[in-house]
Amino acid sequence: MTSDATLEPADAHLRAAGLKVTAPRLAVLDAVTGNGHLDADAVHARVVATLPGVSLQSVYNVLGALSAAGLLRRIEPAGSPALYESRIGDNHHHVVCTRCHVVADIDCVIGEPPCVVPSDTGGFAIHTAEVTFWGLCADCQRQAAG
């Protein structure tokens, strides 16, 4: 459950983003914050532990609103449902295990965001690059070797 110390900043973040402070929004922020990359089902499972009446559709709606407001980041690795994370405000990338599908953050290796420079922008002013690396995580490497 969210502590009062955590609720105060969450309230402020919601208000600063122009969103009304509601129990489901606070619960979804609490469920995602610091918990890696979660799909809507995993967020819903965490939310119903504190707010049993919240539907999966409500969680989807809140995730959409929080992502649109820039309070959560939505990523969509190929072959995976949308995942949500609380790490925002930087241009990091992701690595996905091709065996167990675990997702981890990868910091930009060089330079400032977008830290990947295309050969041609097609007239776009590029501000973000989203790169997904694929491979075997350490656990799956050990299992494959054993």
Checklist entry - For segment 84-101, does any single residue satisfy the condition of being within 28 Å of residue 11 (Cα to Cα), hydrophobic (A, V, I, L, M, F, W, C) and surrounded by 11 or more Cβ atoms within 10 Å (Cβ to Cβ)? => result yes
Next on the checklist: What's the number of the only condition in (1) part of a loop (DSSP other than H, G, I, E, B); (2) at pLDDT below 95 that residue 54 fails to meet?
Outcome noted: (2)
Item to check | Pairs with Cβ under 6 Å, 6+ apart, first in segment 100-115 and under 17 Å from residue 126 (Cβ atoms) and modelled with pLDDT under 85, second assigned to a loop (DSSP other than H, G, I, E, B) and open to solvent by 60 Å² or more (accessible area, probe 1.4 Å) | outcome: 114/126; 114/128
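Consider segment 5-50. How many of its residues are among the small types (Gly, Ala, Ser) and assigned to a helix (DSSP H, G or I)?
10
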Checklist entry - Among the residues of segment 61-72, is there at least one that is in contact with a Pro (Cβ under 9 Å, 6 or more places away or on another chain), touching a residue at least 12 places away in the same chain (Cβ under 8 Å), surrounded by fewer than 18 Cβ atoms within 10 Å (Cβ to Cβ) and closer than 19 Å to residue 21 by Cβ? => result no
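The values are calculated or read from the model by the stated rules, or taken from the named source; none is laboratory data. Treat the numbers as computed from the prediction; the structure is a model and nothing was measured. Glycine also receives a Cβ, built like all others from the backbone with ideal geometry; neighbour counts cover every protein chain displayed. Just so you know, the surface numbers come from the protein's heavy atoms only, side chains and all, with ligands and any DNA or RNA stripped out. Shrake-Rupley method; radii C 1.70, N 1.55, O 1.52, S 1.80 Å.
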